[in-house]
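Engineer: Following this message is one structure expressed as structure tokens.
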Amino acid sequence: MSETRTRRAEISGAGFAGLTAATALARMGWSVRVHERATELRTEGAGIVLWGNSLQVIDKLGAIHDLMAESMTPPAYETRMNNVIQTQETLEGVRWRTMTRSHLFHTLLTAARESGVEVLPGSEVVSATAEGRITFANGDSAEADLIVGADGVGSAVRDSLGFPLKRERSRDGITRFLVPRRKDELQKLEPDTNWDHMIDFWNLDPRVIRVLYTPANEKELYLALMAPASDAEGSRVPIDLELWTSVFPQLAPVLADAAKTPGRYYGYQTTRLESWTTGKVALIGDAAHAMCPALAQGAGCAMQNAWTLAVAATAASDAELPDALREWERLERPYTDRCQDRSQWFADTREMSKGGQFSGDNVETALYNPTDPRRHEGVAA
Ligand SMILES: Cc1cc2nc3c(=O)[nH]c(=O)nc-3n(C[C@H](O)[C@H](O)[C@H](O)COP(=O)(O)OP(=O)(O)OC[C@H]3O[C@@H](n4cnc5c(N)ncnc54)[C@H](O)[C@@H]3O)c2cc1C
């Protein structure tokens, strides 16, 4: 890069994608502002699983120590059908971590602020241009060298630029809760179970109903309750406690907590765009590639793309930037596309109920290291 002035990036959305891109760019010398529509900086949802691809990025952001403090790696991922164990995967060689969303969010927000990023709550973006102008709901606008649309599934940056997209909805969905672990009570109900495991409790017959049990740390449990959107009782919030405890009696104490916790049923969806960039604008995260949560990689892909975008933009001069963004998409997008396809296939077929899915091609994304400078050696130009 020949310019010596500080380049300016304007980012729409302070979610996992936006905060990661902001911190990466700031650490690479950019002046960065993140605009968040919400007046309060926080994240929705309950818990989250991160894999090696995003953990490598958090290493590079200098935030891994904070992240590790209140997160855990369960000793195994267990899959049960009608409460019969199908597989117990110890995921040797795969780096992974479970945590609350709020912990991940505050870790990324702290890293952003410590890197000099200006995070602006109550700043809604309404549009952007390929030439680098961003406009806000209050009528103000600004010029930027790079605009990042990280504003989620309903992205204003994306829609104002008219990026063509295809959205597919799957038949299943999930309601998520964060509740106390209650390990002692669960141990009494089912003494042979290791309640530190992440446990995927499936039932397909006579009714499709599933609980994904994820310890998020020593004290908090992330419960994801899955049912088809067409099942009015299964997808009801507050949850139908009698229904859920009749199928999962061993989880009664934590389901009782979930019944008292506010929640929202999310139908799975996949968004595919023809392209992720135009001129000085790049889209990342759910704005570009919302995916079904089967492989737990939506945020992981968002963070890996945020990092590689920052690297590509920093290496390019102003004049080269649009081409550099296109090249970034050409090289990085195939990893996300394949992950999206696999996640949608698992959601459509419910094949995860058989267990044993964390091997072979299915861990390609988890094992991908977006921070390795040699990662595209040998890829055709
Ligand atoms: C049930 C479920 C389970 C999941 N589990 C996992 C998992 O275990 N692991 C994983 O990696 N992923 C998981 N995901 C996916 C993950 O949650 C998302 O992919 C990720 O949160 C997307 O982050 P984002 O920053 O792109 O978007 P968002 O989190 O949607 O953030 C976008 C931000 O932009 C703001 N915004 C929106 N519009 C504007 C605007 N016009 N101006 C300014 N700001 C705006 C929003 O308020 C928000 O703060 C799961 C998803 C679901 C639904």
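The values are calculated or read from the model by the stated rules, or taken from the named source; none is laboratory data. Predicted model, so just to flag it, every value in this text is computed and none were measured. When we count neighbours, we look across all protein chains shown, and the Cβ atoms used for this are built from the backbone with ideal geometry, even at glycine. Surface accessibility is based on the protein's heavy atoms, side chains included, excluding ligands, DNA and RNA. Shrake-Rupley method; radii C 1.70, N 1.55, O 1.52, S 1.80 Å.
Engineer: Express the carbon and sulfur contribution to the solvent-accessible surface of the chain as a percent, rounded to the nearest whole number, probe 1.4 angstrom.
Structural biologist: 48
Engineer: Multiplying the sequence separation of GLU114 and ARG330 by 0.36 nm and subtracting their Cα-Cα distance, what value in nm do you get?
Structural biologist: 74.6 nm
Engineer: Moving to a separate point now. Given +1 on the Cβ of Lys and Arg, -1 on the Cβ of Asp and Glu, and no further charges, what dipole in debye does region 230-381 carry about its Cα centre, rounded to the nearest 20?
Structural biologist: Dipole about the Cα centre, nearest 20: 140 debye.
Engineer: So what's the back-of-envelope 222 nm ellipticity for the chain, counting only DSSP H runs of four-plus at -39500 (n - 2.57) apiece and dividing by all residues, rounded to 500?
Structural biologist: -9500 deg cm²/dmol
Engineer: How large, in Å, is region 229-290 by the Kirkwood hydrodynamic radius built from its alpha-carbon pairs?
Structural biologist: 14.7
Engineer: What fraction of the Cα pairs in region 1-113, stated in percent, has a spacing above 23 angstrom?
Structural biologist: 41
Engineer: While we're on this one: Among THR308, THR107, THR39, which one shows the highest mean-square fluctuation when the chain is modelled as a Gaussian network with alpha-carbon springs under 10 Å?
Structural biologist: Greatest mean-square fluctuation among the candidates belongs to THR39.
Engineer: Let me ask something else about it. Report the far tail of the P(r) of region 192-339, meaning the percent of Cα-Cα pairs longer than 21 Å.
Structural biologist: That tail contains 57 percent of the Cα-Cα pairs.
Engineer: To continue, here is another question. Using modelled backbone amide H atoms (1.01 Å from N, in-plane), which distant-in-sequence or interchain residues come within less than 5 Å of ARG95's amide H?
Structural biologist: GLY52
Engineer: Mind giving me the FRET efficiency for ALA76 and SER275? R0 is 41 Å, r the Cβ-Cβ distance, nearest 0.05 is fine.
Structural biologist: 0.50
Engineer: Follow-up question, since we're still on this one. Within the chain, how many Lys pairs that are eight or more residues apart, or on different chains, come under 30 Å at the alpha-carbon?
Structural biologist: Value for the chain: 12.
Engineer: Moving to a separate point now. About its Cα centre, what dipole magnitude does the chain give when the only charges are +1 on Lys and Arg Cβ and -1 on Asp and Glu Cβ, stated in debye to the nearest 20?
Structural biologist: Dipole of the chain, to the nearest 20 debye: 200 debye.
Engineer: Name the long-range amide H neighbours of ARG7: under 5 Å, sequence gap of 5 or more, or other chain; modelled H, no Pro or chain starts.
Structural biologist: Under 5 Å from the amide H of ARG7: SER31.
Engineer: Over all directions, what mean area does the Cα convex hull of region 311-372 project, stated in square nanometres?
Structural biologist: 5.1
Engineer: Compute the acute angle (0 to 90°) between the alpha-carbon long axis of helix 16-27 and the principal axis of greatest extent of the alpha-carbon atoms of the chain; round to the nearest 10°.
Structural biologist: So the helix axis and the longest Cα principal axis differ by about 40 degrees.
Engineer: Rg and Dmax of the chain, using alpha carbons, in Å: what are they?
Structural biologist: In Å, with Rg to one decimal and Dmax whole: 21.0, 66.
Engineer: I would also like to ask the following. Might you tell me the accessible area per residue for region 184-230, computed with a 1.4 Å probe and given in Å²?
Structural biologist: The answer is 43 Å² per residue.
Engineer: What are the extents of the Cα atoms of region 100-238 along their three principal axes, listed from largest to smallest and rounded to whole Å?
Structural biologist: The principal-axis extents, from largest down, are 61, 39, 22 Å.
Engineer: Compute the acute angle (0 to 90°) between the alpha-carbon long axis of helix 298-315 and the principal axis of greatest extent of the alpha-carbon atoms of the chain; round to the nearest 10°.
Structural biologist: Long axis of 298-315 versus the principal axis of the chain: about 20 degrees.
Engineer: Rounded to the nearest 10 degrees, what's the angle between the helix 321-349 long axis and the longest principal axis of the chain, both from Cα atoms, 0 to 90?
Structural biologist: Here the helix axis deviates by roughly 10 degrees.
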